[in-house]
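Data first, discussion second: the structure below is written as structure tokens.
The values are calculated or read from the model by the stated rules, or taken from the named source; none is laboratory data. Everything quoted here is computed from the prediction, not taken from an experiment. So basically every Cβ, Gly included, is an ideal-geometry build from the backbone, and we count neighbours across all protein chains shown. Keep in mind that these areas ignore ligands, DNA and RNA; they rest on the heavy atoms of the full protein, side chains included. Shrake-Rupley method; radii C 1.70, N 1.55, O 1.52, S 1.80 Å.
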Amino acid sequence: MSNGKQAATPDALWVQMCEAAGLDPHKRLAARNAVLASSQALDCTVYRPNENDPDAEEEDLGDARILLLGAFEPPLEWSTAERAEFYDDADPQAFFSALIECEAKPASKAFFIAEAGDYAAVMSPAGSVQMYYLLESEESDDGLRCVLLRDDELDA
């Protein structure tokens, strides 16, 4: 897994990716490096289901670092009906906010960006694995912020 050391200045591909997404390459790189180097970030592997065959094995996208930020807090402007629709009978305590960053360098073939629908197998400091389903992801200058649903049925 990563030692947290990444480039301090963005390369041309990173700049191109950020500009295409309307992001500041320097701020986004600083946010990426902060997650990768954080002592509170956990190791994880990200998997992507096969869109064409739900019974097929998920694709192993690679290793990442995940910084769990705490329980997901729905926006204050959400109505009771919107909250109920979002949680869809799931326990609200199973929802978390997190930042996720791929360990591979952006210019490498191994680089990926986690997206809604992916799964993350997160390694706890005690060595156990907890599965999460990525419900939503949004990239900003502050990083790739995700809403996760803890999947207790998929614990490894």
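In table form, for the structure just shown:
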quantity: Pair list, Cβ < 8 Å and 6+ apart or interchain, from region 67-88 residues that are farther than 15 Å from Leu148 by Cα to residues that are assigned to a helix (DSSP H, G or I) and open to solvent by less than 60 Å² (accessible area, probe 1.4 Å); calculated: Trp78/Phe86
quantity: Matching residues in region 116-150 - criterion: being open to solvent by 30 Å² or more (accessible area, probe 1.4 Å), of a type outside the set (S, T, N, Q) and free of Cβ contacts under 8 Å to residues at least 40 places away in the same chain; calculated: Ala116, Ala126, Gly127, Val129, Tyr133, Glu136, Glu138
quantity: Boolean, Ser97 is polar (S, T, N, Q) and either surrounded by fewer than 17 Cβ atoms within 10 Å (Cβ to Cβ) or not in a strand (DSSP E or B) (or both); calculated: yes
quantity: Residue in region 63-73 that is over 23 Å from Pro106 (Cβ atoms) and not hydrophobic (A, V, I, L, M, F, W, C) present; calculated: yes
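Residues are listed down the side, and each one gets a yes or a no for (1) open to solvent by 50 Å² or more (accessible area, probe 1.4 Å); (2) under 27 Å from Gln130 (Cβ atoms); (3) in a loop (DSSP other than H, G, I, E, B); (4) aliphatic (A, V, I, L, M):
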| site | (1), (2), (3), (4) |
| --- | --- |
| Pro10 | no, no, yes, no |
| Asn33 | no, yes, no, no |
| Thr45 | no, yes, no, no |
| Arg65 | no, yes, no, no |
| Leu68 | yes, yes, no, yes |
| Leu76 | yes, no, yes, yes |
| Glu82 | yes, no, no, no |
| Glu101 | no, yes, no, no |
| Ala110 | yes, yes, yes, yes |
